[in-house]
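These notes are about the structure you will find just below.
Derivation of every value follows stated rules applied to the coordinates shown; laboratory data play no part. Fair warning: this is a prediction, and the values are worked out from it, not measured in the lab. Cβ: placed from backbone, ideal geometry, glycine included. Neighbour counts: every protein chain shown.
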Amino acid sequence: MHPQNRINLEEDEIPTQYYNIQADLREPLPPPLDPKTKQPVNPATLERIFAKELIRQEISSERYITIPDEVLRAYLEIGRPTPLVRATRLERFLKTPAKIFYKAEYLSPTGSHKPNTAIAQAYYNKKQGTERLATETGAGQWGSALALGSDMFGLKCKVYMVRVSYQQKPGRRVMMETYGAEVRPSPSEDTNFGRSLLAQDKNHPGTLGIAISEALEDTVTHENTRYCLGSVMNHVLTHQSIIGLEAKKQFESIDIQPDVIAGCIGGGSNFAGFAYPFLADKLHGKLDADFVACEPKAVPSTTRGTFTYDFGDTAEMTPLLKMYTIGHKYQSPPIHSGGLRYHGKAPSLSYLINKGHVHSVAYHQNEVFQAATTFAKTEGVIPAPETAHCIKYIIDQAIQCKKTGEEKVLAFNNCGHGLLDIKAYEDFLAGKLIDYEPLNIEVETYVK
């Protein structure tokens with residue numbers, strides 16, 4: 001008898017509430033601090049930047065937050081719930097006794113998990129009366145998603161795209177423009193901060209931290225505009241929990257519990273979205289599983305960084321956040337995993353790594369693309385460079401199971417396809433990819 005390859009949920013089985021992990025932590029997360037006073041930020045001061053409901057969700061300790069009907073309808077319209085897929089061809093190729101499953105988030109219209117929060121953020125802003133949204137994007141997955149979400153709710157959208165990705169991935173720019181967004185390479189001539197960097201280096205490759213700074217400057221200089229962030233913040237990770245909530249139902253339907261749950265991390269939203277609903281069970285002693293976050297060695301925030309307060313952007317416009325960081329001035333190398341080129345990590349994920357509930361690993365991009373190529377040849381799906389990081393980990397674990405004979409259940413979030421990242425695969429196949437790794441990492445201390 002053949003194993004069930006795709007585990008689907010009916011539309012009426014879609015979760016109707018988000019899961020908020022802050023309700024299950026043993027202590028409150030360290031609060032964001034005002035960089036001038038070093039005191040906790042008053043949430044009301046953030047209302048000029050974020051929609052009020054998103055601020056409420058950011059500090060909420062409610063375990064579940066109801067998903068608005070308009071957002072649920074939009075989720076169904078873009079193809080939720082997504083399948084849980086068993087990677088049987090990969091299992092056979094590796095000759096492993098392990099069972100490998102992945103959540104097929106790459107099936108969204110924009111090719112990643114990002115619409116789960118983009119749609120929600122666009123809805124809450126539209127309901128508040130916002131007319132225009134500003135944001136940053138690395139590889140373009142988040143920018144594409146917010147462009148789609150903005151269009152669905154009749155909002156204007158401007159995206160500052162990290163310059164090196166803007167040049168590497170023209171398809172993502174065209175996708176955003178097709179949805180009606182205005183896209184600028186960052187650093188850009190459109191903001192004071194961008195112009196100051198270009199004056200120093202007209203070919204500046206950009207970073208996510210710089211693009212965030214530009215989007216924030218845009219926001220505070222346009223009264224009709226609010227800022228949207230694609231990762232890091234708690235409300236973003238909470239919206240993404242629909243992934244793991246669906247996956248839990250799917251695993252329960254086949255009476256299987258995962259032993260390993262993995263995902264790549266840039267800011268942390270895709271890993272958190274998949275893992276946090278399962279991690280809740282681990283925190284309550286109901287699940288004995290390993291949770292593994294995978295990052296690039298070129299931007300090793302959690303494997304070589306420091307757990308401390310740092311700015312979330314390069315221009316120091318954000319509050320100070322307690323997180324793993326390699327420093328907000330770090331100039332990320334031009335690796336193809338644009339979505340992972342961020343100096344910090346989500347405060348909740350950083351806390352969980354620091355407390356030992358999650359552990360992290362780091363890889364070079366050549367070994368990551370080798371794993372991605374193996375996955376593409378066996379499963380037929382060309383994964384995004386970001387996703388390939390956790391595929392590398394899962395393949396290594398499956399090979400280890402072959403050696404030990406363990407029949408572990410390995411699960412990961414297949415958070416994006418690589419069909420607009422073909423240049424990265426071309427460079428890998430031609431042997432042109434460079435492996436980067438910082439020699440020294442220096443992180444400033446802002447709070448003693």
Measure nothing but the geometry: give the 0 to 90° angle between the long axis through the Cα atoms of 208-220 and the longest principal axis through the Cα atoms of the chain, rounded to 10°. 50 degrees
If I build a Gaussian network model for the chain, linking alpha-carbon pairs within less than 10 angstrom, which residue out of Q200, Q128, Q257 has the largest mean-square fluctuation? Q200
Output the antiparallel fraction of DSSP beta bridges having both residues in the chain, as a percent to the nearest 5. 35 percent
31 Å Cα-Cα threshold exceeded, pairs from K248/K329; K169/K408; K127/K169; K103/K403; K286/K345: K248/K329; K169/K408; K127/K169
Provide the packing ranking of 373-386, 240-253, 157-170, i.e. peptides ordered by the mean count of other C-beta atoms within 10 Å per residue, highest first. 157-170, 240-253, 373-386
With label points built 7 Å along Cα→Cβ from the Cα atoms of E316 and S60, find their separation and express it in nm. 3.4 nm
What is the extension gain from H222 to F93, computed as 0.36 nm multiplied by their sequence separation minus the C-alpha to C-alpha distance, in nm to one decimal? 41.0 nm
Rounded to the angstrom and largest first, Cα extents along the principal axes for region 178-294 equal 58, 30, 28
Please give, to one decimal in nm, the separation of the simple spin-label points placed at D69 and D255, each 7 Å out from Cα toward the Cβ. 3.9 nm
Can you give me the angle between helix 269-283 and the longest principal axis of the chain, using Cα atoms only, in degrees from 0 to 90, rounded to the nearest 10? 60 degrees
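FRET efficiency for E407 and E13, Cβ-Cβ distance as r, R0 = 25 Å, nearest 0.05?
0.35
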Using Cα-Cα distances under 8 Å and only pairs 6 or more residues apart, what relative contact order does region 113-234 have, in percent? 30 percent
If you find the alpha carbon centre of region 34-95 and of region 152-200, how far apart are they in angstrom? 23 Å
As a Kirkwood estimate from alpha-carbon pairs, region 1-122 has a hydrodynamic radius in angstrom of 17.9 Å
Connecting every pair of Cα atoms under 10 Å apart in the chain and solving the GNM, the largest mean-square fluctuation among G327, G230, G129 falls on G129
Alpha-carbon centroids, region 299-334 and region 410-448: separation in whole Å: 16 Å
Virtual spin-label span in nm between V174 and D435, 7 Å along Cα→Cβ: 3.4 nm
Tell me the angle of helix 385-404 to the major Cα principal axis of the chain, expressed in degrees between 0 and 90 and rounded to the nearest ten. 30 degrees
Can you give the convex hull volume per residue for the Cα atoms of region 113-234, as a whole number of Å³? 88 Å³
I'd like the trypsin sites (Lys or Arg not before Pro) in region 273-372 restricted to DSSP loop residues with at most 12 other Cβ atoms within 10 Å, sorted by number. K286, K355
Run the reach check for K402 against lysines, Cα to Cα strictly under 21 Å, same-chain hits fewer than 8 apart removed. What comes back? K95, K99, K377, K392
Could you give log10 I(q)/I(0) at q = 0.16, 0.25, 0.28 Å⁻¹ for region 282-359, computed by the Debye formula over C-alpha point scatterers of equal weight, without solvent? -0.60, -1.17, -1.35
Backbone N within region 215-248 under 12 Å of label point (7 Å from A23 Cα along the Cβ vector): none
Among residues other than Y351 whose Cβ falls under 14 Å from its Cβ, what is the net charge (Lys/Arg +1, Asp/Glu -1)? +2
